[in-house]
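Okay, so here's the structure we're looking at.
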Amino acid sequence: MAQLIKLENYISRYEQDPFHYPSQYMRLKQEQWQQLRHTFENPVVPEQIEEPKEETSFFNQWRKRKKDTDENVVDDEPIQALPKTEEQLKVYYLNQLYQFQLKWASSTITQMSFIDRMYEDDLVLKYLLQRFPDTYLVMYHPIFHLKKAEVEADIIIITPFDIYIIKLVEFSSDMKIIAGDDRQWQKEEKSVRSNFISPLLSLKRTEKIVKSILNYKEVDMPVTKIVLSRSNVIDYHLEPFQTIYIGKNIHEDWVLKQRQLKTTLKHKQLKVIDALLSFSDTVSFNRPEWQREDSDQFNWE
């Protein structure tokens, strides 16, 4: 599951220490999956329970917390019974982990941002996080602060070896996308064509922002612009330089290729997110003071 390191202009845990949190996330994710799977494979028989015991499971501790200020709280819903199959368990786990990522992408120990509830069910964000590896670091429509101006960017994914800038272009499945120039593209349905603004326009704007920040910070990593459509075929003659078109006919193969990348986080990759996060705009507020016993219980810093 990819990591959400920046969401719009919300304060992010990764801004505090870009070199620490990516590896910490991967370690915690693995530990909690093993713990959840152990609980799944070794259910407690009711007759064996002599008295209520303190829950130590990762997700159950999240739910037991009563204050929304805790960095590890996902929600306050009642504890649900675990799914009956391992496949269902994986889905359950990923959904809980998604909620946890929203916490890390909108709060720190001392500050918080008011996150839009629409992100709890954002299918595009879930797709990006749940279908790509842990080593893929996602900036979801980040807002950069440049020369006293705020500029919203496209989706940015920092992989161990490349930076992907992604523009999602999707229409009803019976439409075909016809690639054009930097100004206009077309969509076709039943031989009827209509124009829409070229996705290359915003991709190039985001690319310019990313490259200018990296040049300033003296960090170098290849940048690839991607027009992505999971629902439509993209008809084109030639892809522009350092740009790829991924339509629905090749989408699954492309995702599989990303998932098959078996490698660790790279130091240069962390330097890239350090540079980009340092120019990201952030709007946050001081959060209520923690009780000492709470901060001691969850010492993840």
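Derivation of every value follows stated rules applied to the coordinates shown; laboratory data play no part. This one's a predicted model, so the numbers in the text were calculated from it and none came from an experiment.
Tabulated data for the structure shown
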{"quantity": "Overall dimensions of segment 77-162 by Cα: Rg and Dmax, Å", "calculated": "15.7, 54"}
{"quantity": "Normalised contact order of segment 161-260, rounded percent, pairs of Cα under 8 Å and 6 or more residues apart", "calculated": "32 percent"}
{"quantity": "Integer Hz, Karplus 6.51/-1.76/1.60 couplings in order for segment 193-207, x for Gly and Pro", "calculated": "10, 9, 8, 8, 4, 4, x, 5, 4, 6, 4, 5, 5, 5, 4"}
{"quantity": "Cα gyration tensor shape of segment 161-260, rounded if a/c is under 1.5, else prolate or oblate by comparing a/b with b/c", "calculated": "oblate"}
{"quantity": "Cα-based reach from residue 262 at 24 Å (exclusive), listing lysines while leaving out same-chain residues under 8 positions away", "calculated": "6, 29, 90, 126, 225, 271"}
{"quantity": "Reference-scaled alpha-carbon Rg (2.2 N^0.38 Å with N residues) for segment 90-240", "calculated": "1.18"}
{"quantity": "Candidate lysines for bridging to residue 190, where Cα separation is under 20 Å - those fewer than 8 sequence places away on the same chain excluded", "calculated": "176, 248"}
{"quantity": "Share antiparallel - DSSP beta bridges, segment 108-258, percent rounded to 5", "calculated": "60 percent"}
{"quantity": "Amide H partners (placed H, <5 Å) of residue 233, local residues excluded", "calculated": "177, 248"}
